Every structure is written in structure tokens, then in C-alpha cells.
Amino acid sequence: MSSHRLETQVAAPCESPDPVTGTPLSPSGISLTADFRGVRPGLLRDGETLTRMVRQALVEAGCRIVAQSVHAFDGGGAGVTGVFVLAESHAVFHTYPEWGYLGFDLFACGRVSLDGLLARLTFLLGPCRIESHQASRAFRCPEPCSAHPQAPILPSGSTAEEAAGVWT
């Protein structure tokens with residue numbers, strides 16, 4: 001099992017400036033993706049248990065859950081998809097039991113312990129391998145929108161050819 005060392009983060013500083021203006025962007029959130037491989041297929045089909053586990057890990061990491069929805073698929077691999085609406089943004093998971101795989105995504109705009117979240121999910125899921133990535137999300141710009149060129153707004157029902165013509 002690979003080891004992870006992710007510190008508690010709000011949002012890491014952006015490494016690159018706005019591509020249009022060259023002005024540094026203000027970081028506003030963090031995105032975490034994690035692929036858990038080698039998880040027991042029976043667990044990956046059990047929507048109720050998975051929901052409880054992921055919910056527990058999110059809460060322990062400092063997330064505040066405001067809503068959740070889980071869907072268990074019939075037939076095939078009979079996987080499960082879960083969505084958590086957080087006060088900080090959202091988290092989702094999807095399973096492929098036939099591959100022993102659970103994919104997890106988190107977008108958070110507040111203080112969340114990524115280290116604690118991954119450690120708890122790893123403990124609860126018992127995978128043989130984990131791959132995770134994080135990225136700073138910057139959507140606040142330090143200057144007004146008038147400083148940036150605007151993309152054209154296409155009328156509803158525009159065709160792909162019409163849309164392509166706008167950009168040429």
C-alpha cells in the first residue's frame with residue numbers, strides 16, 4: 001500500500017498566473033481525487049455500508065454534510081454511486097466491484113484534513129493500492145471581470161458549426 005502525506009489545507013497557493021492577464025489567481029478550494037484498488041467486491045456492492053463509511057470519513061476530516069444521495073446499480077457489476085453535498089462543496093464516490101475499484105472525488109472550499117480523510121478511507125476500505133492527486137482550485141481573481149476578455153454567449157440551440165465559427 002502506498003503511503004500518503006497530505007497536510008490539512010484550505011487552498012494551496014496557485015503556481016501559475018491567470019493565462020490572460022498574468023495576474024496571480026486567488027486560490028479558493030482544493031480538489032482531491034483518489035483511486036482505491038483491490039477493495040473487496042462485496043463491500044463495493046453494499047451501498048448502505050459504503051455510505052456510512054464515507055460519511056464517517058468526511059465528518060472526521062472536518063466536512064459538514066448537508067445532503068446525500070446514493071444509488072445502487074442492478075446487474076453487471078452492481079456498483080454504487082454516492083453523492084454528498086457539503087457545506088464546503090461536494091464529495092462523490094463510484095464503485096466497480098468487478099474490478100475491486102472505488103473512485104473518490106472531493107472539492108472543498110474550507111478547512112478539510114486531506115491526510116485524515118485518506119487515512120480513514122484507507123482503513124475502512126482496506127485497499128491494496130491507492131493513487132491520489134490534489135489540485136488547487138482558483139476561481140477568485142484579484143481584479144474585476146472587466147479586465148478579462150469575455151467569451152461569446154451563444155443563443156440556445158446553436159449548432160456545433162455555429163459555435164465553432166464564433167471562435168475562428
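A short reminder: the numbers here are calculations on the coordinates, not readings from a lab. Note that this is a predicted model, so its numbers are computed, not measured. Glycine gets a Cβ as well: all are built from the backbone with ideal geometry, and neighbour counts include every protein chain shown.
Computed across the stretch 30-143, the Kirkwood hydrodynamic radius from all distinct Cα-Cα pairs reaches 14.3 Å.
Couplings for the stretch 105-120, taken from phi via the Karplus curve 6.51 cos²θ - 1.76 cosθ + 1.60 with θ = phi - 60°, read 10, 9, 10, 9, 10, x, 6, 9, 7, 5, 4, x, 5, 5, 4, 5 Hz in order; Gly and Pro are left as x. Net charge in the neighbourhood of L102 (other residues with Cβ under 10 Å of its Cβ; Lys, Arg +1, Asp, Glu -1) is 0. Residues in the stretch 51-58 carry Karplus couplings, in order, of 4, 4, 5, 5, 4, 4, 5, 5 Hz; the curve used is 6.51 cos²θ - 1.76 cosθ + 1.60 with θ = phi - 60°, and Gly or Pro positions show x. Backbone amide hydrogens, once placed in the peptide plane, bring R129 within less than 5 Å of R37, excluding anything fewer than 5 places away on its chain. Other residues within the sphere of radius under 11 Å centred on the Cβ of H133, judged by their own Cβ, net out at -3 (K and R +1, D and E -1). Less than 5 angstrom separates the built amide H of V112 from those of Q9, all sequence-distant by 5 or more or on a different chain. With θ taken as phi - 60° and the Karplus curve 6.51 cos²θ - 1.76 cosθ + 1.60 applied, the whole-hertz 3J(HN,Hα) list for the stretch 31-45 is 10, 10, 10, 9, 10, 9, 10, x, 7, 4, x, x, 5, 5, 9 Hz, x standing for glycine and proline.
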